[in-house]
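The values are calculated or read from the model by the stated rules, or taken from the named source; none is laboratory data. Only a predicted model underlies this, so the values are computations on that prediction, with no experimental measurement involved. Ideal geometry is used to build each Cβ from the backbone, glycine not excepted, and the neighbour counts take in all protein chains shown. These accessible areas exclude ligands, DNA and RNA; they are computed on the full protein's heavy atoms, side chains included. Shrake-Rupley method; radii C 1.70, N 1.55, O 1.52, S 1.80 Å.
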Amino acid sequence: MSEKHLPLWEVFIRSRSGLAHKHCGSLHAADAEMALQAARDVYTRRGEGNSIWVVPSSAIVASDPADKDELFEPALSKIYRHPTFYDVPDEVGHM
Amino acid sequence: MYTQALNGIPDEATDQSSEAARFQARVDAEQKIEPNDWMPDAYRRTLVRQISQHAHSEIVGMLPEGNWITRAPSLKRKVALLAKVQDEAGHGLYLYAAAETLDVSREELIGQLLAGKAKYSSIFNYPTLTWADIGAIGWLVDGAAIMNQIPLCRCSYGPYARAMIRICKEESFHQRQGYEIMLTLARGTPEQKAMAQDALNRWWWPCLMMFGPPDSESQHSDQSTRWKIKRFSNDDLRQKFIDATVPQAHYLGLTIPDKELAYDDASGHWKIGPIDWAEFKRVLAGGGPCNRERMRARRKAHEDGAWVREAALAYAQKRRARREAMQIAAE
Ligand SMILES: [Fe+2]
Ligand SMILES: [Fe+2]
């Protein structure tokens, strides 16, 4: 056998409020079907959601924490991307 | 269920490099440390030990309660107990997953437990002799666990903190169902009330030991505090638990088995008599009433489940091979 251990899966759940699927944890399972069943048992015992995604952890590509500055720093100085950067007189009312 | 303050932290914990300084600055600023971030080796090792001990405790903790599932006095109690024990399995899984983000495998961690090299909370080495023990465990053991776990929701290590948030949300039901069992017994026949009292007598002191050795003896909490893994000392948490629990026992009309227990007006705390730390050490070292039984049960479960894991993997392999063969044929 090429795999001696149960592979790792990441679990994403869409809450009942209809928001996007959100990462909620991980688990080990032999295949996708068993991963889905285990995710249901482990992560939705109290109606936490109505849709589950399971993704092999090995399929996830993550940004490197070492690159954090060059990736995210530029956004910090761009305050003109936020509504509060612009002055609208009070008389105009809520906008 | 819960992690006990058993962790020795190695001496090289004080690393002087600039990376270490940056790390400590982030911790001081209450930023979360995530799996791929740089961290001192000792921080990693401390977390692996603490989180895996915590996971083992959740898993072994299912055994004393599992003992009563088939003998629960009503269907209502039975479904509640089943749900609670299932939650504890889930807690174990969340925690193993958190530990695995620190570069240890699940197999390695479980191997340590089964080989008797890993610790788990001493409380689960006591037997559940009567139904009242199920009430006492929910009320006291889960109650003590909650005291200890709430500060861990703010632990500096992200995956551990997130697992603890999930766990804490689920623990409240555990404690309340236990207290309700105690309340029902305490309001029942004299025999039932005596059963509740007997359970409290046996579980009270072991529950106080769950918070770990007294501050005067635990040399290692300083570093854990600096790393913001630990937020309160063992004695502080123990005192919080005592202050919360004594009035609950009085409401039940039960007596805390401590002749020296007295309310101290000056400090506003309940003062207890001396804890038998020799017993704590004995149980931790394997000499508790059920240590051997618990390990035997875990090993048997692991061995009995081996064919299921192997079959599931073999089946997944076979289907993958078949899919690949079909793809090649189609090309
Ligand atoms: Fe738990
Ligand atoms: Fe619990």
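Check segment B:311-318 and report whether any residue there is assigned to a helix (DSSP H, G or I), open to solvent by 90 Å² or more (accessible area, probe 1.4 Å) and either within 14 Å of chain A (Cβ to nearest Cβ) or touching a Ser or Thr at 6+ places or on another chain (Cβ under 9 Å) (or both).
Checking segment B:311-318: at least one residue is assigned to a helix (DSSP H, G or I), open to solvent by 90 Å² or more (accessible area, probe 1.4 Å) and either within 14 Å of chain A (Cβ to nearest Cβ) or touching a Ser or Thr at 6+ places or on another chain (Cβ under 9 Å) (or both).
Which residues, counting only those in segment A:16-50, are more than 12 Å from every other protein chain (Cβ to nearest Cβ), closer than 28 Å to B:Ala80 by Cβ, modelled with pLDDT of 90 or more and open to solvent by less than 80 Å² (accessible area, probe 1.4 Å)?
A:Leu36, A:Gly49
Please work out which one of (1) buried (at least 24 other Cβ atoms within 10 Å of the Cβ); (2) within 14 Å of ligand 1 (Cβ to nearest atom) is the condition B:Ala196 fails and give its number.
With (1) buried (at least 24 other Cβ atoms within 10 Å of the Cβ); (2) within 14 Å of ligand 1 (Cβ to nearest atom) applied to B:Ala196, the lone miss is (2).
B:Asp215: away from ligand 2 (no atom under 16 Å from the Cβ), at pLDDT below 95 and either open to solvent by less than 10 Å² (accessible area, probe 1.4 Å) or part of a loop (DSSP other than H, G, I, E, B) (or both), yes or no? Even if it seems obvious, please write down each step before you answer.
Working: away from ligand 2 (no atom under 16 Å from the Cβ): yes; at pLDDT below 95: yes; either open to solvent by less than 10 Å² (accessible area, probe 1.4 Å) or part of a loop (DSSP other than H, G, I, E, B) (or both): yes.
Spelling it out, B:Asp215 is indeed away from ligand 2 (no atom under 16 Å from the Cβ), at pLDDT below 95 and either open to solvent by less than 10 Å² (accessible area, probe 1.4 Å) or part of a loop (DSSP other than H, G, I, E, B) (or both).
Name the residue that is nearest to B:Ala311 (Cα to Cα), counting only residues in segment A:29-54 that are in contact with a strand residue (DSSP E or B) (Cβ under 8 Å, 6 or more places away or on another chain) and part of a loop (DSSP other than H, G, I, E, B).
Step by step, filter segment A:29-54, then rank; the result is A:Ala29.
Would you mind finding the one in B:Pro151, B:Pro190 that is surrounded by fewer than 24 Cβ atoms within 10 Å (Cβ to Cβ), away from ligand 1 (no atom under 12 Å from the Cβ) and touching a residue at least 40 places away in the same chain (Cβ under 8 Å)?
After applying the criteria, what remains is B:Pro151.
Results for (1) more than 16 Å from ligand 1 (Cβ to nearest atom); (2) closer than 13 Å to B:Gln223 by Cβ; (3) buried (at least 20 other Cβ atoms within 10 Å of the Cβ), shown as yes or no for each residue.
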| residue | (1), (2), (3) |
| --- | --- |
| B:Val27 | yes, yes, no |
| B:Ile33 | yes, no, yes |
| B:Tyr43 | yes, yes, yes |
| B:Ile51 | no, no, yes |
| B:His54 | no, no, yes |
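Enumerate the pairs (first residue in segment B:231-249 and among the acidic types (Asp, Glu); second residue anywhere and open to solvent by 40 Å² or more (accessible area, probe 1.4 Å)) with beta-carbon separation below 9 Å, excluding pairs fewer than 6 apart on the same chain, so at least 6 apart or on different chains.
Qualifying pairs under 9 Å: B:Asp235/B:Asp215; B:Asp235/B:Ser216; B:Asp236/B:Asp215; B:Asp243/B:His269; B:Asp243/B:Trp270.
I'd like the residue in segment B:72-91 that is open to solvent by 10 Å² or more (accessible area, probe 1.4 Å) and within 10 Å of another protein chain (Cβ to nearest Cβ) and, out of all such residues, is nearest to ligand 1 (Cβ to nearest atom).
B:Ala89
Just one of the numbered conditions (1) of a type outside the set (A, V, I, L, M, F, W, C); (2) within 14 Å of chain A (Cβ to nearest Cβ); (3) away from ligand 2 (no atom under 16 Å from the Cβ); (4) surrounded by fewer than 17 Cβ atoms within 10 Å (Cβ to Cβ) is not true of B:Ser172; which one?
(3)
Can you pull out every residue in segment A:10-28 that is without any contact (Cβ under 8 Å) to a residue 12 or more places away in the chain and assigned to a loop (DSSP other than H, G, I, E, B)? If you could, list the steps in order and put the result at the bottom.
Residues of segment A:10-28 that are without any contact (Cβ under 8 Å) to a residue 12 or more places away in the chain, as a first pass: A:17-20, A:22.
If the condition is that a residue be without any contact (Cβ under 8 Å) to a residue 12 or more places away in the chain and assigned to a loop (DSSP other than H, G, I, E, B), then A:Ser17, A:Gly18, A:Leu19, A:Ala20 are the ones that fit.
Among the residues of segment B:264-284, is there at least one that is at negative phi, more than 14 Å from every other protein chain (Cβ to nearest Cβ) and touching a His at 6+ places or on another chain (Cβ under 8 Å)?
no
Just give me the residues in segment B:121-148 being within 21 Å of B:Arg282 (Cα to Cα) and either of a type in the set (S, T, N, Q) or more than 16 Å from ligand 1 (Cβ to nearest atom) (or both), in sequence order.
B:Ser121, B:Ser122, B:Asn125, B:Tyr126, B:Pro127, B:Thr128, B:Leu129
Exactly one of (1) more than 16 Å from ligand 2 (Cβ to nearest atom); (2) in contact with a Ser or Thr (Cβ under 9 Å, 6 or more places away or on another chain); (3) modelled with pLDDT of 95 or more is unmet by B:Thr70. Its number?
(2)
Quick one: B:Asn125 ticks every box in (1) open to solvent by less than 30 Å² (accessible area, probe 1.4 Å); (2) more than 16 Å from ligand 2 (Cβ to nearest atom); (3) without any contact (Cβ under 8 Å) to a residue 24 or more places away in the chain except a single one, so which number is it?
Going through (1) open to solvent by less than 30 Å² (accessible area, probe 1.4 Å); (2) more than 16 Å from ligand 2 (Cβ to nearest atom); (3) without any contact (Cβ under 8 Å) to a residue 24 or more places away in the chain one by one, B:Asn125 breaks only (3).
Just the residues that are more than 10 Å from chain B (Cβ to nearest Cβ), assigned to a helix (DSSP H, G or I) and open to solvent by less than 80 Å² (accessible area, probe 1.4 Å), please, taken from segment A:55-75.
Matches in segment A:55-75: A:Ala59, A:Asp67, A:Pro74, A:Ala75.
So, in segment B:92-111, of the ones that are at the interface with chain A (Cβ under 10 Å from one of its Cβ atoms) and assigned to a loop (DSSP other than H, G, I, E, B), which residue ends up farthest from A:Ser26 (Cα to Cα)?
Of everything passing the filter in segment B:92-111, B:Ser105 is farthest from A:Ser26 (Cα to Cα).
Which count do you get for residues in segment B:128-147 that are open to solvent by 20 Å² or more (accessible area, probe 1.4 Å) and either assigned to a helix (DSSP H, G or I) or within 11 Å of ligand 2 (Cβ to nearest atom) (or both)?
The total comes to 2.
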